[in-house]
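What follows is a short report on a single structure.
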Amino acid sequence: MLSFAEARQVVIAESQSRANSRLPNTLPIAQALGHVLAQEVRSDREYPPFDRSTRDGYAVRASEASQGASMRCVGEIKAGDTVSEPLVAGTCVQIMTGAAVPAGADAVVMIEFTHRNGDAISFARPTEPGQNIVSRGSEAHAGDLALPGGVRLGYAELAVAAQVGATSLLCHSKARVAILSTGDEVVPISDTPGPFHIRNSNTVSLAAQVQLAGGEPIPFVNARDRADDLGAKIEEGLREDILVLSGGVSMGKYDLVESVLKGMGAEFFFDAVALRPGKPTVFGRCRNTLVFGLPGNPVSTMVTFQLFVIPAIDHQGGAKPRPLPMLEATLAEPIQEKAGLTHFLPARIEWPQLAGSVPSRFAPEVRPLRWQGSGDIAALTRANCFLVVPAEQPNIKEGEKVSVLPRFDVL
Ligand code: AMP
Ligand code: MG
């Protein structure tokens, strides 16, 4: 049986061997959030485009504005003003944050360190050349690379694109992910469930996870535990880049996902992982679609999605698979689990509250939550992370360092 880390490597390797045939699209910047950039973006001009004052104060020649010196203020420059006149020797001009520093001036003195008497300005501190000025072109030159291809467009990336005038962007298509839950007990959330039915929460959580991970969810109506219904719905799901099934992958008589897929020509890369929750997870390929069979218990579905489906969504959406962002934390209470499986326990990681000065080290503490097993969705709403209990070290004492996987939507 593969470890969870080995299983992830298999997913990454198989995702990389599936070519994505969909062409990139040009999107207006307002629709590009979360897409992966399929072009380079370059600076259209120097940044900043002029020597820019970073403070409200006086533009001076540093050599003239020594401590105790006094000189006449001959004008004012606001942000956005056209600046053509050089600074006359022996004078200064009042200047605002974001305004262009005139030729001849080589420093801006903050208004707080000056004294004004009519037109006469005197300086309370020594002045260094260059102070409070960001010089033209110091952030980027015209033609410099502003964004490389392959970056996922977040708010900072969109701001850079906006700054250089890239109002539309060539973006990779998001990975299209078909979502198909299975189970005769599962009913639509708009129905009144019978006494032995449960509402289909997995399709909702999976669609949300796909969207948060940067994919495009395509939810299907739940399939019955019958080969004909399951087969027909899988057939439709195989039109997409990725098909994620929930349920029907355990050892029960009506767990039909693997056998139906096999009958449709699927090749499997693993059908169990040394993991809890999530041991029966199945991964394979059917025709040209990557197929995940996740266990149906909701917490298992959520954990295995984060571990295994996200790297495939990254790759099929044009990005490099992101690493698992493991953190180290101090365990708040002892843990005893079963050896041989890596456990991902719903837990809360907490950092010390910031008060006053910022401490030089943040030492987070992690506490497992009480839960009723992998059907307990409510426990996961109280968790902000999973505490990782290694297969070979199932007993951990309070105060020891442990690994923590943040829930990817809350931390
Ligand atoms: P399975 O993996 O098919 O054996 O399902 C395990 C358990 O997960 C079932 O007994 C249900 O309680 C639960 N389950 C399965 N599918 C769903 C679903 N779509 N939404 C919520 N819970 C589910
Ligand atoms: Mg089932």
| request: Run down G80, G34 and say which single residue is within 27 Å of V164 (Cα to Cα) and either surrounded by fewer than 15 Cβ atoms within 10 Å (Cβ to Cβ) or at pLDDT below 95 (or both). | output: G80
| T203 fails exactly one of the following numbered conditions: (1) assigned to a helix (DSSP H, G or I); (2) farther than 23 Å from P311 by Cα; (3) within 11 Å of ligand 1 (Cβ to nearest atom). What is the number of that condition? | (2)
| request: Can you run down the residue pairs with Cβ atoms below 6 Å, 6 or more apart or on separate chains, where the first is in the range 218-246 and farther than 12 Å from L206 by Cβ and the partner is of a type in the set (D, E, K, R) and in a helix (DSSP H, G or I)? | output: A223/D229; A223/K233
| query | What single numbered condition from (1) of a type in the set (F, W, Y); (2) under 22 Å from L212 (Cα atoms); (3) surrounded by fewer than 17 Cβ atoms within 10 Å (Cβ to Cβ) fails to hold for W351? | reply | (2)
| message | Show me the strands (runs of 3 or more DSSP E) found entirely inside the range 57-111 where at least 3 residues are free of Cβ contacts under 8 Å to residues at least 40 places away in the same chain. | response | 70-77, 91-95
| task | Spot the failing condition for G154; the list is (1) under 18 Å from G318 (Cα atoms); (2) over 17 Å from the mean Cα position of the chain (by Cα); (3) loosely packed, with under 13 Cβ neighbours inside 10 Å, and only one is missed. | result | (2)
| Of these, I111, I95, which one is surrounded by fewer than 18 Cβ atoms within 10 Å (Cβ to Cβ) and of a type in the set (A, V, I, L, M)? | I111
| Only one of S15, S63, S3 that is at pLDDT 95 or above, touching a Ser or Thr at 6+ places or on another chain (Cβ under 7 Å) and over 22 Å from G154 (Cα atoms) | S3
| request: Among what's in the range 231-268 and is acidic (D, E) and away from ligand 1 (no atom under 16 Å from the Cβ), pick the residue that is nearest to I313 (Cα to Cα). | output: D241
| request: Quick one: which helices (runs of 4 or more DSSP H) lie wholly within the range 230-328 and hold at least 1 residues that are away from ligand 2 (no atom under 16 Å from the Cβ) and either surrounded by fewer than 16 Cβ atoms within 10 Å (Cβ to Cβ) or among the aromatic types (F, W, Y) (or both)? | output: 257-263
| request: Out of P323, P311, P298, report the one residue that is without any contact (Cβ under 8 Å) to a residue 12 or more places away in the chain and under 20 Å from C385 (Cα atoms). | output: P323
| field | Residues of the range 371-411 satisfying the condition of being exposed (fewer than 15 other Cβ atoms within 10 Å of the Cβ) and under 19 Å from F308 (Cβ atoms) | value | D409
| message | Against the definition (surrounded by 14 or more Cβ atoms within 10 Å (Cβ to Cβ), at negative phi and either in contact with a helix residue (DSSP H, G or I) (Cβ under 6 Å, 6 or more places away or on another chain) or small (G, A, S) (or both)), how does S53 come out, yes or no? | response | yes
| Count - residues of the range 163-191 that are over 24 Å from the mean Cα position of the chain (by Cα) and away from ligand 1 (no atom under 16 Å from the Cβ) | 1
| remark: Of the candidates L290, L230, L238, the one satisfying the condition of being aliphatic (A, V, I, L, M), touching a strand residue (DSSP E or B) at 6+ places or on another chain (Cβ under 8 Å) and within 17 Å of F305 (Cα to Cα) is L290
| field | Filtered residues of the range 161-196 (kept if within 16 Å of ligand 2 (Cβ to nearest atom) and among the β-branched types (V, I, T)) | value | I179, T182, V186, V187
| query | When the residues of the range 282-324 are filtered to those that are away from ligand 1 (no atom under 16 Å from the Cβ) and over 17 Å from the mean Cα position of the chain (by Cα), which remaining residue is farthest from V210 (Cα to Cα)? | reply | R287
| request: Please state which one of V160, V151 is closer than 30 Å to G57 by Cα, more than 16 Å from ligand 1 (Cβ to nearest atom), touching a residue at least 12 places away in the same chain (Cβ under 8 Å) and of a type in the set (A, V, I, L, M, F, W, C). | output: V160
| Pairs where the first residue, in the range 170-199, is at negative phi and aromatic (F, W, Y) and the second is surrounded by 20 or more Cβ atoms within 10 Å (Cβ to Cβ) and modelled with pLDDT under 95, C-beta under 9 Å, 6+ apart | none
| message | So for the range 52-63 (the condition being over 26 Å from R136 (Cβ atoms) and touching a strand residue (DSSP E or B) at 6+ places or on another chain (Cβ under 6 Å)), does at least one residue qualify? | response | no
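The values are calculated or read from the model by the stated rules, or taken from the named source; none is laboratory data. It should be emphasised that the depicted structure is a prediction, and the values quoted were computed from it without experimental measurement. Virtual Cβ from ideal backbone geometry, glycine too; neighbours counted across all protein chains shown.
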